[in-house]
Amino acid sequence: MLRRGFVFAQAWPIILGQSLVPLAGVVNAAVIGRSSDAMILAGVALGITTVNLVFWTFGFLRMGVTGVTAQAAGAGDQHLVRMILLRALLLGFGLGVALLILSPIIVPAALSLMHLPAAAAEPGHAFTAARFFGAPAALAFYVINGWLLGVGRTRLALGCQIMFNGVNVLLNLLLVVGLGHGAWGAGLATSLSEWIALGTGLFAVRRILGGRWWSVSAGEMFEGRAYRRLIMINADIMIRTIALLAIISWFARAGARLGPVPLAANHVLMQLVSVCAFVLDGFAFTAETQIGAAFGARSRAAFLRAARLTAEFSIAGGVMFSAILALCGKYFIPLITRDAAVQAQADAMLPYCALVPLVGVSSWLLDGIFLGAAQGRTMRNVAIATAALYLATDLILRRNGADGVWIALLCSYVYRAIALGAALPRLVRQVDPDSPPSRLGLSRRSPSLPSHPASITARNEP
């Protein structure tokens, strides 16, 4: 039976790893900021934003893999666990190569939408072009990270994240500070770090699956039905991700409409929200693994227990972070900006910011539950509906200025939680031991496996 101690044991490496996710951008900005002028830093900052938006459009490679892997592990099908990884790796690496090949078109087009100042255009282009060199490794590592979470090896996932960030710091110091390669060197340092992280991830996979884990027949590797199902799941999650990115982009645009001070203040507060979201996602990721395993095993009791325990941790975390932001947020704001007008505006909007972890945590956890059950279509539909309702709410509240901008954002979390919550009973009914097996549709079950093999998720670590 799933225990609270096990939930926390799986969650804490994810929480620590998630807290390291923004570090690559921070390192790039800090190294450039201390060794170059403001325009180079501006170019790098906008380059980081551009790369994040383009690369994370393919975040479905992480999210889509975790759920189906956990389901296959829960069903005891270790052969399918391996095939999911191989097929998704081929898909992710291929998409990354396509991004690299198309980067001479994508980079200038994407940067033109960011309205770079003329003096920042050259360093912005140099940094972004260098970052696309790491696209195949970055997208392939999304797959490995999702797969490691799916099989419950969260400490190995954390180790890969630590390797990436450690190498990134060292290479930034070498290429930017030591050799003076500026924005291009910062981009290249992070790209090289992504290739090293991919190598580390492949080593972790070999540790779990053993030698020659990649050795399968071409017919099995390129099974059409399996790829169609994999692409369908990932396409739904991709649309869902784009819809949610549209909400964040519109929120930034709404702040810009009010002027540079509200825009800057909202950006400052969203850094606080991001930290909370990254940490609380640790419990959502744990929900993905445990819900997926329960769904694959068709155990309603395990499904409900996993949902309840991860909900307890998530809600407690949401309350804690809201209290921290409400009581201490005014002390964090001066650490991010020294501008007095921006500080005053951020202080005025801080109560809304403090509500985000409390209001948003339910939608984040429900995302994890539906991802674990590989319910991409439901998540896609909910995200599209949420984005439409959010835009309507923002337009209705436009007369309320900055208050209306934040209230609309809070409403978007409520809309998503209500819609996913309404779909939850139907999902629970699907977890029925008397129903047909979960339709992963990614491979036929290997006949060579015993009827009840030990699950690959039986223990968190070797």
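I'd like the residue in segment 114-139 that is outside any helix (DSSP H, G or I) and within 21 Å of the chain's Cα centre (by Cα) and, out of all such residues, is farthest from Phe164 (Cα to Cα).
Phe133
Of the residues Arg298, Arg308, which single one is out of contact with any helix residue (DSSP H, G or I) (no Cβ under 7 Å at 6 or more places or on another chain) and without any contact (Cβ under 8 Å) to a residue 40 or more places away in the chain?
Arg308
Could you tell me whether Arg229 is farther than 30 Å from Val405 by Cα and loosely packed, with under 15 Cβ neighbours inside 10 Å?
Here the answer is no, as Arg229 does not meet what is asked.
Pairs only if they're at least six apart or on different chains, beta carbon under 6 angstrom, first in segment 129-140 and touching a residue at least 12 places away in the same chain (Cβ under 8 Å), second of a type in the set (Phe, Trp, Tyr) and not in a helix (DSSP H, G or I); list them, first residue then second.
The qualifying pairs are Leu139/Phe58.
Could you please let me know if Leu111 is among the aliphatic types (A, V, I, L, M), out of contact with any Cys (no Cβ under 9 Å at 6 or more places or on another chain), assigned by TED's automatic domain parsing to the domain that holds Thr50 and more than 20 Å from Ile48 (Cβ to Cβ)? Step through it out loud before you land on a result.
Numbers: among the aliphatic types (A, V, I, L, M): yes; out of contact with any Cys (no Cβ under 9 Å at 6 or more places or on another chain): yes; assigned by TED's automatic domain parsing to the domain that holds Thr50: yes; more than 20 Å from Ile48 (Cβ to Cβ): no.
When the stated conditions are applied, Leu111 does not pass them.
What number goes with the only condition from (1) surrounded by fewer than 19 Cβ atoms within 10 Å (Cβ to Cβ); (2) under 25 Å from Arg298 (Cα atoms) that Ala373 does not pass?
For Ala373, the failing item is (1).
Given the structure, is Ala346 assigned to a helix (DSSP H, G or I) and hydrophobic (A, V, I, L, M, F, W, C)?
In short, yes.
In this structure, is Gly201 assigned to a helix (DSSP H, G or I), at negative phi and free of Cβ contacts under 8 Å to residues at least 60 places away in the same chain?
no
Taking into account only those residues within segment 80-113 that are surrounded by fewer than 18 Cβ atoms within 10 Å (Cβ to Cβ) and more than 22 Å from the chain's Cα centre (by Cα), which is modelled with the lowest pLDDT?
The residue in question is Leu113.
Could you tell me which of the residues Arg206, Arg212, Arg225 is of a type in the set (Lys, Arg) and under 26 Å from the mean Cα position of the chain (by Cα)? Break it down into steps so the answer makes sense when it comes.
Numbers: Arg212 fails: under 26 Å from the mean Cα position of the chain (by Cα); Arg225 fails: under 26 Å from the mean Cα position of the chain (by Cα).
Step by step, each of Arg206, Arg212, Arg225 is checked, and only Arg206 is of a type in the set (Lys, Arg) and under 26 Å from the mean Cα position of the chain (by Cα).
Taking the stated definitions as given, is Ser217 surrounded by fewer than 24 Cβ atoms within 10 Å (Cβ to Cβ) and under 22 Å from Tyr390 (Cβ atoms)?
Here the answer is no, as Ser217 does not meet what is asked.
List every residue pair whose Cβ atoms sit under 7 Å apart, with the two residues 6 or more apart in sequence or on different chains, where the first one lies in segment 401-429 and is among the aromatic types (Phe, Trp, Tyr) and the second, anywhere, is in a helix (DSSP H, G or I).
Listed by first residue and then by second, the contacts come to Trp406/Met349; Trp406/Tyr352; Tyr413/Val359; Tyr413/Gly360; Tyr413/Ser363; Tyr415/Thr386; Tyr415/Leu389; Tyr415/Tyr390.
Can we say Gly180 is surrounded by 24 or more Cβ atoms within 10 Å (Cβ to Cβ) and closer than 20 Å to Ala120 by Cα? Steps first, answer last, please.
Numbers: surrounded by 24 or more Cβ atoms within 10 Å (Cβ to Cβ): no; closer than 20 Å to Ala120 by Cα: yes.
Criteria not met by Gly180.
Among the residues of segment 32-41, is there at least one that is at pLDDT below 85, more than 26 Å from Gly282 (Cα to Cα) and among the β-branched types (Val, Ile, Thr)?
Yes; the residues of segment 32-41 include at least one that is at pLDDT below 85, more than 26 Å from Gly282 (Cα to Cα) and among the β-branched types (Val, Ile, Thr).
Residues in segment 344-384 that are among the small types (Gly, Ala, Ser) and under 22 Å from Leu263 (Cβ atoms): how many?
Here is the first cut: in segment 344-384, the ones among the small types (Gly, Ala, Ser) are 344, 346, 348, 354, 360, 362-363, 368, 372-374, 376, 383.
Subset that is under 22 Å from Leu263 (Cβ atoms): 344, 346, 348, 354, 360.
Matching residues across segment 344-384 total 5.
Got at least one residue in segment 95-106 being part of a helix (DSSP H, G or I), in contact (Cβ under 8 Å) with a residue 60 or more places away in the chain and more than 19 Å from Leu371 (Cα to Cα)?
The answer is no; no qualifying residue exists.
Within the group Val7, Val44, which residue is on the phi < 0 side of the Ramachandran plot, surrounded by fewer than 23 Cβ atoms within 10 Å (Cβ to Cβ) and modelled with pLDDT of 65 or more?
Matching residue, one of Val7, Val44: Val7.
So which residues in segment 351-363 are crowded, with 22+ Cβ neighbours inside 10 Å and either more than 10 Å from Val273 (Cβ to Cβ) or free of Cβ contacts under 8 Å to residues at least 60 places away in the same chain (or both)?
Ala354, Val361, Ser363
Hey, among the residues in segment 171-220 that are within 26 Å of Thr154 (Cα to Cα) and charged (D, E, K, R), which one's modelled with the lowest pLDDT?
In this case the residue turns out to be Arg212.
Would you confirm, using the coordinates I've provided, whether Thr128 is touching a Pro at 6+ places or on another chain (Cβ under 8 Å), surrounded by 24 or more Cβ atoms within 10 Å (Cβ to Cβ) and among the β-branched types (Val, Ile, Thr)?
The answer is no for Thr128.
The values are calculated or read from the model by the stated rules, or taken from the named source; none is laboratory data. Predicted model only: the values in this text are computed from it and were never measured. Virtual Cβ from ideal backbone geometry, glycine too; neighbours counted across all protein chains shown.
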